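Participant: For reference, the structure I am asking about is given below.
Taken together, the values in this text are just the output of simple stated rules run on the coordinates, not laboratory data. Note that the structure is predicted; figures quoted are calculated from it, not measured. Quick reminder, even Gly has a Cβ in these numbers, built from the backbone with ideal geometry, and neighbours come from all protein chains shown.
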């Protein structure tokens, strides 16, 4: 079945550092999404990408939809303590966020 | 942004009982709603997709007679876990979408189910 390989699984960084994480797949997807989940909460949408090659920013966050449609990355610049959490990539083979497949998550820990 | 609520946020029940979880889209019409299950330190796994007014589509390995889904209106979907057992203990999360092209999914806050 379709799978997303998300890396790294965990990151331990200093406050102020930049963060980069990515998702790859052997399958083609038409929509990529990045979510953040805090403990005991549902995922919150960070960025949605709908076109191959698309580069989108949301404040300190930047994400790109890979040109091959098989990968995506998320960068966080100048990390702050509230960036702590689990980041998930998600993708859909359909146009729009229907029937999502999720990556395994990247757990971000920030040392003040 | 779009808001999705879930109720209850936590539920503890005895083995063999049934539990109903509600998912509501508060400020948009959700043509499609999704139900996910998340075990500790794992990712979200899609259980089923429901479209308003029609039967839910279940993912492979999900028992439709055990996890009853009703999507009777454009703002409400319910998941009923029937005859719950300890192995059904998990974090259940719903999401909602307007169902349009380019429409994204907005997630509820989740429901923690513990079956004793």
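Participant: Using the count of nearby Cβ atoms within 10 Å as a rough guide to exposure, how do B:35, A:32 rank from fewest to most?
Facilitator: Details: B:35 27, A:32 31.
Placing the least packed residue first, the sequence is B:35, A:32.
Participant: Looking only at chain A, where both bridge partners belong to it, what percent of the DSSP beta bridges are antiparallel (to the nearest 5)? Let's see the in-between values first.
Facilitator: Details: 35 of 40 bridges.
Here the antiparallel bridges make up roughly 90 percent for chain A.
Participant: Report the residue, chosen from B:95, B:15, B:54, that carries the largest GNM mean-square fluctuation when chain B is represented by alpha-carbon nodes joined by springs under 10 Å.
Facilitator: B:54
Participant: Could you work out the mean count of beta carbons from other protein chains within 10 Å of each residue's beta carbon in B:15-22?
Facilitator: Details: counts 0, 0, 0, 0, 0, 0, 0, 0.
Average neighbour count from other chains, rounded to a whole number: 0.
Participant: Over chain A, with a Gaussian network built from C-alpha contacts below 10 Å, which listed residue (A:22, A:75, A:58) shows the highest mean-square fluctuation?
Facilitator: Looking only at A:22, A:75, A:58, the largest GNM fluctuation is found for A:58.
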